[in-house]
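Chemist: Let me begin by handing over the structure; questions about it come next.
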Amino acid sequence: MDTTVFVPVDDATGAAAPDATPAVRARALTKTYGRGQAQVHALDGVDVDFDAGRFTAIMGPSGSGKSTLMHLLAGLDSATSGQAFLGSTDVTALGDKALTRLRRDRVGFVFQQFNLLPMFTAEQNITLPVELAGGSVDRAWFDTLVTTLGLSQRLTHRPSELSGGQQQRVAIARALIAQPEVVFADEPTGNLDSRAGVEVLSFLRRSVRELGRTVIMVTHDPTAAAYADRVVLIADGRIAGEISDPTPEAVLAGLDALRSLEAPVAGTAADGGTRAGA
Ligand SMILES: Nc1ncnc2c1ncn2[C@@H]1O[C@H](COP(=O)(O)OP(=O)(O)OP(=O)(O)O)[C@@H](O)[C@H]1O
Ligand SMILES: [Mg+2]
């Protein structure tokens, strides 16, 4: 079945400009969990490019493979087959040591579940990656992050003493503190009220427009996605289309088109539950 909507991604190289190495690329990337009856194809041959200096949103139904794709691209999890590139580095070919270095020095990751360390304060959680890497924290940048993210009054609190939105903002500061090449953010505004959400999104967009960073963000929110330069749609572990210069309306229409393509097809009811989600 052709599941392409909007601007089709119609060749193996995606839409990247031929003269620049994309910041991030996936080639025939697959991730399969489990075996036999319980097998889940979380990613089923993904080809996609993310240009440097752009803000991309990834959208798709729950269970469609968004987090899996981000984890593989950032070297946090191993692929079943295919390749993931960060710049010209084939992440899937790296050994443990090189992977640790890559994760530490070249990518920032905001996890869907924050992953803060409970015994450390907010400030320690933010600065720890830099300190573990033996670097020194850029205090001016730290102050910019903390002020922009509204964390100045919360730096001495531990995660258990912070609201979900505050923990999310600490996780965002931690991902940005080392000024990584690429920031991956998995639903960074999922726990924020609309005002805090707008601040985070504006900040991410500014870091792309003004500081030339590359940001790849998963979101379920069409308004959040409209802050990006481009939306990549994913369904059933495959790239299903993309939207350039998205507006909330265009994103909603794209998601509707995806949903109609995903309507149950006769004969597939047996595994229809694997990807159904909240
Ligand atoms: N460790 C795992 N073991 C088995 N199956 C997994 C594992 N992690 C993810 N999956 C399955 O892979 C598929 C893709 O999961 P993934 O977390 O990437 O989805 P998602 O698009 O991020 O969903 P959501 O929007 O709910 O966060 C799902 O069917 C999920 O159940
Ligand atoms: Mg997810």
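The values are calculated or read from the model by the stated rules, or taken from the named source; none is laboratory data. These numbers come from a predicted model, not from an experiment. Please note: Cβ atoms are built from the backbone with ideal geometry, for glycine as well, and neighbour counts cover all protein chains shown.
Chemist: Filtering region 226-249 down to residues that are outside any strand (DSSP E or B) and in contact (Cβ under 8 Å) with a residue 60 or more places away in the chain, which residue is nearest to ligand 2 (Cβ to nearest atom)?
Modeler: GLY237
Chemist: Restricting attention to region 164-195, which residues are of a type in the set (Gly, Ala, Ser) and within 27 Å of GLY63 (Cβ to Cβ)?
Modeler: GLY164, GLY165, ALA171, ALA175, ALA185, GLY190, SER194
Chemist: Then there is this: Quick one: is THR121 surrounded by 13 or more Cβ atoms within 10 Å (Cβ to Cβ), of a type in the set (Ser, Thr, Tyr) and under 21 Å from LEU192 (Cα atoms)? Step through it out loud before you land on a result.
Modeler: On the way: surrounded by 13 or more Cβ atoms within 10 Å (Cβ to Cβ): yes; of a type in the set (Ser, Thr, Tyr): yes; under 21 Å from LEU192 (Cα atoms): yes.
Spelling it out, THR121 is indeed surrounded by 13 or more Cβ atoms within 10 Å (Cβ to Cβ), of a type in the set (Ser, Thr, Tyr) and under 21 Å from LEU192 (Cα atoms).
Chemist: Evaluate the following for GLY190: is it at pLDDT below 95 and within 25 Å of ARG106 (Cα to Cα)? Break it down into steps so the answer makes sense when it comes.
Modeler: Working: at pLDDT below 95: yes; within 25 Å of ARG106 (Cα to Cα): yes.
Considered against the rule, which asks whether it is at pLDDT below 95 and within 25 Å of ARG106 (Cα to Cα), GLY190 comes out as yes.
Chemist: So is PHE184 under 26 Å from LEU72 (Cβ atoms), out of contact with any Asp or Glu (no Cβ under 7 Å at 6 or more places or on another chain) and among the aromatic types (Phe, Trp, Tyr) or not?
Modeler: yes
Chemist: Determine if region 81-93 includes at least one residue that is under 21 Å from LEU128 (Cβ atoms), surrounded by fewer than 17 Cβ atoms within 10 Å (Cβ to Cβ) and more than 16 Å from ligand 2 (Cβ to nearest atom).
Modeler: Scanning region 81-93, I find no residue that is under 21 Å from LEU128 (Cβ atoms), surrounded by fewer than 17 Cβ atoms within 10 Å (Cβ to Cβ) and more than 16 Å from ligand 2 (Cβ to nearest atom), so the answer is no.
Let's see how each residue does on (1) closer than 16 Å to ARG213 by Cβ; (2) of a type in the set (A, V, I, L, M, F, W, C):
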site	(1), (2)
PHE142	no, yes
THR148	yes, no
SER152	no, no
SER160	no, no
GLY164	no, no
ARG169	no, no
ILE172	yes, yes
ALA175	yes, yes
PRO180	yes, no
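Chemist: Need the failing condition index for ALA38 against (1) over 16 Å from the mean Cα position of the chain (by Cα); (2) under 24 Å from LEU201 (Cα atoms), just the number.
Modeler: It is condition (2) that ALA38 fails.
Chemist: Mind checking which residues of region 94-114 are part of a loop (DSSP other than H, G, I, E, B) and either modelled with pLDDT of 95 or more or away from ligand 2 (no atom under 16 Å from the Cβ) (or both)?
Modeler: LEU94, GLY95, ARG106
Chemist: Which residues, counting only those in region 19-65, are at negative phi, part of a loop (DSSP other than H, G, I, E, B) and not basic (Lys, Arg)?
Modeler: Answer for region 19-65, where residues must be at negative phi, part of a loop (DSSP other than H, G, I, E, B) and not basic (Lys, Arg): ASP19, ALA20, THR21, PRO22, ALA23, GLN39, ASP51, ALA52, PRO61, SER62, SER64.
Chemist: Check LEU69 against each of (1) away from ligand 1 (no atom under 15 Å from the Cβ); (2) assigned to a helix (DSSP H, G or I) and name the one condition it does not meet.
Modeler: (1)
Every residue, every condition in (1) more than 16 Å from ligand 1 (Cβ to nearest atom); (2) of a type in the set (Gly, Ala, Ser), yes or no:
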| site | (1), (2) |
| --- | --- |
| ILE177 | yes, no |
| GLU187 | no, no |
| LEU201 | yes, no |
| ARG213 | yes, no |
| VAL218 | no, no |
| ALA228 | yes, yes |
| ARG238 | no, no |
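Chemist: Restricting attention to region 189-225, and to residues there that are within 16 Å of ligand 2 (Cβ to nearest atom), closer than 20 Å to SER163 by Cα and of a type outside the set (Val, Ile, Thr), which single residue is surrounded by the most Cβ atoms within 10 Å (Cβ to Cβ)?
Modeler: Only one residue fits best here, namely ASN191.
Chemist: Between residues in region 93-114 that are of a type in the set (Lys, Arg) and residues that are in a strand (DSSP E or B) and surrounded by 18 or more Cβ atoms within 10 Å (Cβ to Cβ), which pairs lie under 9 Å by C-beta distance while being six or more apart or on different chains?
Modeler: If the second residue must be in a strand (DSSP E or B) and surrounded by 18 or more Cβ atoms within 10 Å (Cβ to Cβ), the pairs left are ARG103/PHE109; ARG106/LEU86; ARG106/VAL182.
Chemist: In region 144-198, which residues are touching a helix residue (DSSP H, G or I) at 6+ places or on another chain (Cβ under 8 Å) and hydroxyl-bearing (Ser, Thr, Tyr)?
Modeler: THR148, SER152, THR156, THR189
Chemist: Looking at region 198-208, can you tell me whether even one residue there is in contact with a Leu (Cβ under 7 Å, 6 or more places away or on another chain), among the β-branched types (Val, Ile, Thr) and in contact (Cβ under 8 Å) with a residue 24 or more places away in the chain?
Modeler: Yes, that holds for at least one residue.
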